[in-house]
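Encoded as C-alpha cells, the structure appears first; notes follow it.
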Amino acid sequence: MKNLKHLFLTFGIIFILIGALGISNISFFSKYIEYIISGVLFVNGIYHLVYCLHKRKDPYFHIGLVLLEGLMELISVGIILFNTFSSEFFFTSYIGALLCAKGLILVLGRDSKFTSWEDTDKKTKVIVIVKGLLHFLFGSLIIILPLVTNGAVYPVFGWYILFLGIHIISNKKF
C-alpha cells in the first residue's frame, strides 16, 4: 500500500498543477479540455476503485457510493472520448450534470439501510459532505456559466481539478 500512497500523492500533485494551469492559461486549457477532463476522470475513477478495494473489509466504509462514483467517472471517460459532442455547450452540460449527480449522491445518499451515517466518524462526515457540496457547486457553475459567458467555464474546470488534487493529497487513508 505504500506504493499506492506515493502514486496517488503524485496524481494529487499533477492535478494541482493541471488545475493551476487551467486557471492561469485558459487558451491551452480550452484547446485540450476533452483530453484533460478525460484524463482527470480516468485517474479519479481508478482512484475510487482502488480505494474501494483497499477499504472493502472496513465494516463502516460505504463501498457502494464510492464504487458508483468511480464507475460513473470511468463510463464518462468512454462517453467523452468516443462520442464527439456536437458543441462545447453539450460537453460542458454533460460534465456539469455528472458533477451535480456525484455531489447529490455524496450528500443525499446516506440515509438508506445500506449507507447510513450511524458509525461514521465526524471527520469523515465533514469530508464527504464538503466534497459533495463542492461537486454540486462546480457542476452547477459548469452548467450555468456557458449560458452567461463562454470563457468563464475554463477557470471553473481549473479550480475543480485543483480541489480534486488537494482532496487526493489530503486523503491519508492510503
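The values are calculated or read from the model by the stated rules, or taken from the named source; none is laboratory data. Treat the numbers as computed from the prediction; the structure is a model and nothing was measured. So basically every Cβ, Gly included, is an ideal-geometry build from the backbone, and we count neighbours across all protein chains shown. In case anyone asks, the SASA skips ligands and DNA or RNA and just uses the protein heavy atoms, side chains included. Shrake-Rupley method; radii C 1.70, N 1.55, O 1.52, S 1.80 Å.
When you count, for each residue, the other Cβ atoms within 10 Å and take the mean per peptide, how do 8-16, 75-83, 40-48 rank with the highest first?
40-48, 8-16, 75-83
Computed with a 1.4 Å probe over protein heavy atoms only, the accessible area of residue 27 comes to about 80 Å².
Here, the stretch 1-60 yields an orientationally averaged convex hull projection of 4.8 nm² when only Cα atoms define the hull.
Quick one: net charge of residue 45's neighbours, Cβ under 10 Å, K/R +1, D/E -1?
Numbers: positive: none; negative: 69, 73.
Residues close to residue 45 contribute a combined charge of -2.
Accessible surface calculations at 1.4 Å, restricted to protein heavy atoms, place the stretch 1-81 at 54 Å² per residue.
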